[in-house]
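Asker: Have a look at the structure that comes next, please.
The values are calculated or read from the model by the stated rules, or taken from the named source; none is laboratory data. From a predicted model like this one, the values you see are computed outputs, not experimental measurements. Neighbour counts run over all protein chains shown; Cβ positions are idealised from the backbone, glycine included.
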Amino acid sequence: MEKNIQAIRGMHDVLPSQTRHWQYLEACVREVLGRYGYQEVRMPIVEFTELFKRSIGEVTDIVEKEMYTFEDRNGDRLTLRPEGTAGCVRAVLEHGLLHNQTQRLWYQGPMFRHERPQKGRYRQFQQIGVETFGMAGPDIDAELIFITARLWKALGIDGLELQLNSLGTAEERAAYRQELVAYFGCHHDALDEDSRRRLHSNPLRILDTKNPDMAELVAGAPVLADLLGEGSRRHFEQLQTLLKAAGVRFVFNPRLVRGLDYYSLTVFEWVTDRLGAQGTVCAGGRYDSLVAQLGGRSTPAVGFAMGVERLIALLEADGRLPETARADIYLVQRGEAARREALVLAERVRDALPQLRVLAHCGNGAFKAQFKRADHSGARIALVLGEDELARGEIGIKHLRNKLPQEAVAVDCLVGRLAEIFDKS
Ligand code: HAM
């Protein structure tokens, strides 16, 4: 026998019992974003590789070693998107959405990174992302954070910590970079292999190391906040004032640098210690240079993205996901003639009462087995159509969730009786 083919490592199926949870989260996000006037945009999953190199940065982990890149039949270099910001900027530029207007957009969909899979870290994962264009902030930075805070509230997620930092302007970062190279260069022997590699390519990322042996060295490194110019400092302070005014708590984390190169000024992450090593459930920041870098007119921009799997894991751990039934009514039938009649009846109920979900048993099966399925479906009532009922022109109504006695109603009165039963609830 040939071996069964399995899903690719780090890529997973979302089974029906979980899809309900995803839909619940998506509905919540859609509702909250709608209340702030954000519009959904849908981009392709595949883009030219060049787009990600030019935006995320050539010396980031993502571009250096995590992208799913291939040549298509035309010989074009393409990449499965590792994130959504680059594609979103490409799309708004391509369709002229930045001419004399601001944009508040959101998207959702799968992203792909060839990382080492572990709990909360996948090679295909789902992001819900939000991007805004044309607003220099810090009010819009604050709005984005308010959205996330509101969303946690709506979902019943608590205990997340908001970490905040400012990466300043490109010039300020260049000066900081030099200080870091000088500092870490003096401690070359204490650097691990990864950090030595990053020392000249991307020294800011050394601050992000997870290696405990380097914690002390990193703690003693110069801090970017000390090098911020007047404008950056003001932007950061104003954002903090806005957050405080709205009662959104945050902590300043001078080591928060983010793994993508396009950020400037505000960066933030919402983190939890309840998901093990992969504790960031939402992250983002300002990227004022990216639009110009990709060929557009200089346009301020800021956004964030949430990891859906991580949020679902949190909701599951906290028992916050509502149990939703699959159906309101389960139609049980027995006998050839009853089966035919049952299908017609189910259609009639669906026509008359479109708010109700009707699950009709198909095929044969003992009543007992059918009632078991009815119970599993979560339906409140079972409609019972056997040969006896059929002969009398009646249908049985069995209440599955309370102790009311079974009723028999004339088939012609069924819709009216169902309306009554479900109206009361
Ligand atoms: P990111 O920090 O790379 O930022 O990803 C955002 C979120 O996606 C993470 O905080 C995490 O929850 C989730 N995530 C990332 N990688 C994985 C993975 N391998 N498995 C599961 N979840 C993952 C961005 O992607 C930026 N585009 C965010 C942004 C939008 N910045 C501005 N606008």
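Asker: Can you confirm whether region 46-53 contains a residue that is away from the ligand (no atom under 14 Å from the Cβ) and under 24 Å from residue 168 (Cβ atoms)?
Answerer: Checking region 46-53: at least one residue is away from the ligand (no atom under 14 Å from the Cβ) and under 24 Å from residue 168 (Cβ atoms).
Asker: Additional query: From the list 272, 280, 266, exactly one residue is under 16 Å from the mean Cα position of the chain (by Cα), polar (S, T, N, Q), within 16 Å of the ligand (Cβ to nearest atom) and over 21 Å from residue 124 (Cβ atoms). Which is it?
Answerer: From the options 272, 280, 266, the qualifying one is 272.
Asker: Can you name the residue in region 70-105 that is within 16 Å of the ligand (Cβ to nearest atom) and polar (S, T, N, Q) and is also nearest to residue 122 (Cα to Cα) among such residues?
Answerer: Checked region 70-105; the qualifying residue nearest to residue 122 (Cα to Cα) is 79.
Asker: Now for a different question. Look at residue 415 and say whether it is touching a residue at least 40 places away in the same chain (Cβ under 8 Å) and either closer than 24 Å to residue 17 by Cα or not assigned by TED's automatic domain parsing to the domain that holds residue 24 (or both).
Answerer: Yes: the conditions hold for residue 415.
Asker: For residue 109, which of the numbered conditions (1) surrounded by fewer than 17 Cβ atoms within 10 Å (Cβ to Cβ); (2) away from the ligand (no atom under 13 Å from the Cβ) fails to hold?
Answerer: The failed condition is (2).
Asker: Quick one: would you say residue 50 is touching a residue at least 12 places away in the same chain (Cβ under 8 Å), part of a helix (DSSP H, G or I) and among the charged types (D, E, K, R)?
Answerer: Yes, satisfied.
Asker: Here is a further query. Could you check how many residues of region 245-257 are within 15 Å of the ligand (Cβ to nearest atom) and either modelled with pLDDT of 95 or more or among the hydrophobic types (A, V, I, L, M, F, W, C) (or both)?
Answerer: 2
Asker: So, one more: So which of 162, 242, 260 ends up being away from the ligand (no atom under 16 Å from the Cβ), assigned by TED's automatic domain parsing to the domain that holds residue 131 and surrounded by 14 or more Cβ atoms within 10 Å (Cβ to Cβ)?
Answerer: Exactly one residue qualifies, and that residue is 242.
Asker: Which of the residues spanning region 277-308 are more than 21 Å from residue 113 (Cβ to Cβ) and among the small types (Gly, Ala, Ser)?
Answerer: 289, 292, 295, 296, 298, 301
Asker: Could you tell me which numbered condition residue 38 fails, if it satisfies all but one of (1) touching a residue at least 12 places away in the same chain (Cβ under 8 Å); (2) more than 27 Å from residue 8 (Cα to Cα); (3) more than 15 Å from the ligand (Cβ to nearest atom)?
Answerer: Every listed condition holds for residue 38 apart from (3).
Asker: Given (1) of a type outside the set (Val, Ile, Thr); (2) more than 9 Å from the ligand (Cβ to nearest atom); (3) more than 21 Å from residue 110 (Cβ to Cβ), where does residue 287 come up short, assuming only one miss?
Answerer: Condition not satisfied by residue 287: (2).
Asker: Among (1) in contact (Cβ under 8 Å) with a residue 60 or more places away in the chain; (2) closer than 24 Å to residue 105 by Cβ, there is one condition residue 251 misses while meeting the rest; what is its number?
Answerer: (2) is the only condition that residue 251 fails.
Asker: Kindly list, by first and then second residue, each pair from a residue in region 257-271 that is farther than 18 Å from residue 135 by Cα to a residue that is part of a loop (DSSP other than H, G, I, E, B) and among the hydrophobic types (A, V, I, L, M, F, W, C), limited to pairs with Cβ atoms under 9 Å and residues at least 6 apart or on different chains.
Answerer: 257/167; 258/167; 261/59; 269/256; 270/160; 271/160
Asker: With respect to residue 15, is the statement that it is in contact (Cβ under 8 Å) with a residue 24 or more places away in the chain and not β-branched (Val, Ile, Thr) true?
Answerer: no
Asker: Cβ-Cβ below 6 Å, separation at least six or inter-chain, first residue in region 70-85 and at positive phi, second within 14 Å of the ligand (Cβ to nearest atom) and assigned to a loop (DSSP other than H, G, I, E, B): which pairs?
Answerer: That search, which allows pairs on different chains as well, returns nothing.
Asker: Which ones in region 349-366 are exposed (fewer than 14 other Cβ atoms within 10 Å of the Cβ) and of a type outside the set (Gly, Ala, Ser)?
Answerer: 351, 354, 355, 362, 364 - these are the residues of region 349-366 that are exposed (fewer than 14 other Cβ atoms within 10 Å of the Cβ) and of a type outside the set (Gly, Ala, Ser).
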